[in-house]
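Undergrad: Just dropping this structure here.
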Amino acid sequence: MQAIRLIFQLFFLEIILYHAVLFSLGDSYKNCESYCPFGAVETLALFAKSHKFPCAVNEFNYSILIGVLLITVLFKRAFCSWVCPLGAVNELITRARAYFSKYAPLNETAMKFMYGIKYALLGIIVYATYINYDLVFRPYCPYFTAFGLHGHTTVVLSYFILANALLVTFFIKMGFCRTLCPFGAFLNFFNVKTVCKIYRDEKACDCCRLCDSVCLSEIKVSQSIKIESRDCTMCLSCVSACGKKGSLKIGI
Amino acid sequence: MKPKIIINPLILPLVIAVTFSAASYFAWFFRVPTYSESNEKAIKEVSAGNFKTAELEVNGVVCLGTSKTFAKWLNESSGILSIETFTSDRTVKVGYDGSKISADEMIMSIEREVSVDGEKLKPFSVMRYRETANSDWIVLRTNKKTEVDEL
């Protein structure tokens, strides 16, 4: 299953990079922002007000957003671990960092504060976009900086923000996705009572805690009966790693 | 606690693949104009034989702002009756009075130069065009970078 997920991540990463290169060569109109569902989130209030696509956002961004929301309602934040290219980069950094040394556990209060940052960012971005009638966050967007191949609004500060956003991942497992990503914050509003989730069969489980150690979001899988954490991205690492086959299942 | 229904994990990638394919198809099928305007009064006055439409791929029409600028730019020519822009593929549908302007004149008008800081630039360039939805595209150029992009 993890091999399939890797194929998916590489596929979506390749699509974004392919179009970014074509765009920079002048062979395509589509660049990374053409596929960005967060562009639709940013301009949702404006679209509701004016019934027009503001700035460079178009029906493609909105239809992808609808698709992502559908996936979220069904399978939690599966978009983050299966599709998002920035999520793939974060996972790569997390795995590389964990290979060399273990992540130190963080203070619970500090983590609660860190979790709040993404919601604050989401509010600020949506409000700033609404009052400015423009994608004002674009120059500071780590996704646009990373995959825009020095897009037209990218400045030195953009690279500084991208570097710092990724640096968080060196201290917190999947740090950017869990604490800073405003799109993750938006998806969490639809990630309350999802249709499918991971269930743990207590009778079959021998509490080896392998699932806890492989979880990228540091969820205590071995202490839960069903995984309802909003951090779960359905990467299925726990299901794949489980030594007792059948003790972790996806169900309704 | 046991789930009511157990799902094969392979369903998850399948749902993602189907959802994204459907979302892409949906976007191509239900195209929404980024900007549209029409002069209804002038359209009624034009005889049916003279009302013509052209679909153009215009480089430089990238967002709502540039769509409005393009409409203002094109409306400086006489005989333009309606304009619809689609920024997802940079196409523009133009309704025009064939007795006042031809497709070639319209393209020349779109591609006229403007002076910025003493330098002459073409803000919009027509990549290809066709006069009816079923006719073949006539390709004028292939490089999708505009002179404004190069600045």
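Undergrad: Please go through the stretch A:212-228 and pick out each residue that is outside any helix (DSSP H, G or I), away from every other protein chain (no Cβ under 14 Å), out of contact with any Ser or Thr (no Cβ under 7 Å at 6 or more places or on another chain) and among the polar types (S, T, N, Q).
TA: none
Undergrad: A follow-up question, please. Looking at residue B:120, is it in contact with a Phe, Trp or Tyr (Cβ under 8 Å, 6 or more places away or on another chain) and either free of Cβ contacts under 8 Å to residues at least 12 places away in the same chain or closer than 29 Å to residue A:61 by Cβ (or both)?
TA: no
Undergrad: Scan B:9, B:3, B:33, B:13 and give me the residue that is within 14 Å of chain A (Cβ to nearest Cβ) and either open to solvent by 60 Å² or more (accessible area, probe 1.4 Å) or within 22 Å of the chain's Cα centre (by Cα) (or both).
TA: B:33
Undergrad: Between residues in the stretch A:158-170 that are in the same structural domain as residue A:91 (by TED's automatic domain parsing) and residues that are among the hydroxyl-bearing types (Ser, Thr, Tyr) and open to solvent by less than 80 Å² (accessible area, probe 1.4 Å), which pairs lie under 8 Å by C-beta distance while being six or more apart or on different chains?
TA: Cβ pairs passing all conditions: A:158/A:145; A:159/A:145; A:161/A:145; A:162/A:145; A:168/A:179; A:169/A:94.
Undergrad: Looking only at the stretch A:48-72, how many residues end up being more than 7 Å from every other protein chain (Cβ to nearest Cβ) and in a helix (DSSP H, G or I)?
TA: 9
Undergrad: Quick one: residue A:244 ticks every box in (1) outside any helix (DSSP H, G or I); (2) more than 14 Å from every other protein chain (Cβ to nearest Cβ); (3) more than 20 Å from residue B:8 (Cβ to Cβ) bar one, so which box is it?
TA: Every condition holds for residue A:244 apart from (3).
Undergrad: Also: Residue check: is residue A:38 out of contact with any strand residue (DSSP E or B) (no Cβ under 7 Å at 6 or more places or on another chain) and either more than 21 Å from residue A:181 (Cβ to Cβ) or not assigned by TED's automatic domain parsing to the domain that holds residue A:138 (or both)?
TA: So residue A:38 fails the test.
Undergrad: Could you tell me how many of the residues in the stretch B:122-147 are modelled with pLDDT of 80 or more and either of a type in the set (Ser, Thr, Tyr) or in a strand (DSSP E or B) (or both)?
TA: Matching residues across the stretch B:122-147 total 9.
Undergrad: Here's another thing I want to ask about it. Within the stretch A:176-188, how many residues turn out to be open to solvent by 20 Å² or more (accessible area, probe 1.4 Å) and more than 22 Å from residue A:108 (Cα to Cα)?
TA: Selection size over the stretch A:176-188: 1.
Undergrad: Of the conditions (1) touching a Cys at 6+ places or on another chain (Cβ under 8 Å); (2) modelled with pLDDT of 90 or more, residue A:73 clears all except one; give me its number.
TA: (1)
Undergrad: Of the residues that sit in the stretch A:25-38 and are within 11 Å of chain B (Cβ to nearest Cβ) and assigned to a helix (DSSP H, G or I), which one is surrounded by the fewest Cβ atoms within 10 Å (Cβ to Cβ)?
TA: Ranking the candidates gives A:25 first.
Undergrad: Quick check: anything in the stretch A:17-24 under 23 Å from residue B:68 (Cα atoms), buried (at least 18 other Cβ atoms within 10 Å of the Cβ), among the small types (Gly, Ala, Ser) and in contact with a Cys (Cβ under 9 Å, 6 or more places away or on another chain)?
TA: no
Undergrad: Would you check which residues across the stretch B:72-91 are within 13 Å of another protein chain (Cβ to nearest Cβ) and not aromatic (Phe, Trp, Tyr) and list them?
TA: B:84, B:85, B:87, B:88, B:89, B:90, B:91
Undergrad: Kindly check whether there is at least one residue in the stretch B:48-56 that is open to solvent by less than 70 Å² (accessible area, probe 1.4 Å), more than 11 Å from chain A (Cβ to nearest Cβ) and not in a strand (DSSP E or B).
TA: Taking every residue of the stretch B:48-56 in turn, at least one turns out to be open to solvent by less than 70 Å² (accessible area, probe 1.4 Å), more than 11 Å from chain A (Cβ to nearest Cβ) and not in a strand (DSSP E or B).
The values are calculated or read from the model by the stated rules, or taken from the named source; none is laboratory data. A quick note: this is a predicted structure, and the numbers were derived from the prediction, not measured. Don't worry about glycine lacking a Cβ; one is built from the backbone with ideal geometry, like all the others, and counts go over all protein chains shown. Quick note on the areas: whole protein, heavy atoms, side chains included, nothing else; ligands and nucleic acids left out. Shrake-Rupley method; radii C 1.70, N 1.55, O 1.52, S 1.80 Å.
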